[in-house]
Structure formats: structure tokens, C-alpha cells
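The values are calculated or read from the model by the stated rules, or taken from the named source; none is laboratory data. Here the structure is a predicted model, which is why all the values come from computation and not from measurement. All Cβ positions, glycine included, derive from the backbone under ideal geometry; neighbour counts span all protein chains shown. Heavy atoms of the whole protein, side chains included, go into the accessibility calculation; ligands, DNA and RNA do not. Shrake-Rupley method; radii C 1.70, N 1.55, O 1.52, S 1.80 Å.
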Amino acid sequence: MADSGAESRRLLQSIVDTARAIFGAQASSIFLLEEDSGELVFEAVAGQGEEWLVGRRFPSDRGIAGWVASTGEAMVVDDLSTSTSFARDIAESTRYVPRSLMAVPLSYDEQVLGVLEVLDASPQARSGIAELELLGLFANQAGVALRIVSRTRAARSALAGGGEDYTELIGLVHAIQGLDGDRRQSGFRLIDSLRDVLSPMPL
């Protein structure tokens with residue numbers, strides 16, 4: 001049996017790497033919610049801070065990530081200098097203070113598992129699908145995959161029949177097909193990682 005922890009880490013890193021590449025962002029990160037401690041934990045980082053942020057924690061009632069985790073709603077802020085939700089002290093402690101941010105919840109079956117963020121996306125990184133919708137598709141599939149990884153292989157097989165999760169995965173494939181060049185290749189690398197975790201669900 002494969003190491004589910006290693007699978008989870010590989011998947012999370014693939015998601016943040018892909019999100020950063022597709023949106024031309026300075027950084028992307030995933031926080032997972034620890035209910036017992038009431039904290040959000042950096043679990044994967046691409047770009048600014050990737051060398052030192054994994055494992056860092058902060059209270060889940062602070063900042064935009066905390067708001068997204070508590071409400072289960074996405075947030076886009078084009079100018080963080082005017083945002084009352086932005087916890088600048090937390091950002092400064094990470095050694096990178098972004099100017100803009102997109103954040104979506106990682107959820108499964110209405111339970112928020114964490115938050116996916118993209119920091120300082122390039123204005124030129126546009127796709128045929130709305131940016132936040134595309135990021136949400138990544139987050140939806142990440143939530144499904146993380147839930148499966150945290151269970152047994154038998155539970156994973158229970159999703160092989162498809163249903164809503166399968167439909168959302170097909171939507172992600174179609175969205176990635178609409179990208180161009182390197183961004184499309186980055187997207188399909190993410191699909192490969194999701195396929196490994198969601199196996200035996202076919203694409």
C-alpha cells in the first residue's frame with residue numbers, strides 16, 4: 001500500500017505549482033485546517049516562501065485565509081492595501097507581502113479542509129474560463145482527493161463510479177484544454193497527479 005502522506009504531499013505541491021504557473025503568480029499556497037488546534041498550517045508553497053513556509057501556523061480566525069476557511073466562500077482582493085480582512089502582520093512574518101490575492105476553500109461534502117491561495121497573479125494570465133472559477137475547479141478536485149487520501153484504499157474505490165466528483169473533474173479537464181502553451185502543459189501535469197490519487201476513476 002502506498003504512503004498516503006506522501007501521496008497527499010505530492011498532490012498538494014502539484015496543485016500549487018500548477019496554480020502559480022497558470023496564473024503567472026508570484027506565489028501559491030495551500031493551508032490545511034487543524035480543527036483541534038484551531039490553526040491553519042502551510043502544507044504546500046510554490047514561489048515566494050517555498051523554502052521556509054511549509055509547516056508554519058497561524059490562527060484560523062485571522063486574515064483572508066481564515067475568513068475563507070470559516071465561511072467556505074472564495075475571496076478576490078485586487079488591492080490588499082485597502083482590505084480590512086488582510087492580516088498584514090501575518091504576511092510580513094512570511095517575508096512576502098502581496099499586493100493582490102485570490103483565495104478559495106478546499107472542501108469536500110460541505111466540510112472545509114483548507115484554503116488555496118494565489119498571490120499577485122499576472123494581469124496577462126487570462127483564460128477562457130473566469131480566473132476564480134478555474135481556481136475553484138482545482139480546489140474542488142483537491143478537496144475530493146485529500147478526503148480520499150485520508151481514508152482507506154477501499155474508500156477511494158467507492159468513488160470509481162463517478163457522479164458529481166467525476167463531472168467536476170471533467171470540467172477541470174475541459175478548462176485546461178482551453179489554456180495555451182506552457183499553461184496548458186502545467187494544467188495537464190496537475191491532471192496526472194489527480195488521476196494517480198483518484199485512481200481507478202477514469203479520465
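Take the alpha carbon atoms of the range 8-27, find their center, do the same for the range 58-88, and report the distance between the two centers in whole angstrom. With the range 8-27 and the range 58-88 each reduced to a Cα centre, they are spaced 20 Å.
DSSP loop (so not H, G, I, E, B), at most 12 other Cβ within 10 Å: list which trypsin sites (Lys or Arg not before Pro) in the range 48-133 pass both filters.
On the way: sites: R56, R57, R62, R88, R95, R99, R126; in loops: R56, R62, R95, R99, R126.
Passing sites in the range 48-133 are R95, R99.
The mean accessible area for residues of the range 29-89, using a 1.4 Å probe and ignoring ligands and nucleic acids, is 52 Å² per residue.
Full extension from E131 to S70: what is 0.36 nm times the residue separation minus their Cα-Cα distance, to one decimal in nm? Intermediate results must be reported in sequence, preceding the final value.
Numbers: separation 61, 0.36 × 61 = 21.96 nm, distance 2.21 nm.
Full extension of this stretch gives 19.7 nm more.
E35 sits among other residues whose Cβ lies under 14 Å from its own Cβ, and their net charge, with Lys and Arg +1 and Asp and Glu -1, is -3. How large a share of the accessible area of the range 1-88, in percent, is made up of carbon and sulfur atoms when the probe is 1.4 Å and the other protein chains stay in place? Solvent-exposed carbon and sulfur of the range 1-88 make up 43 percent of the total.
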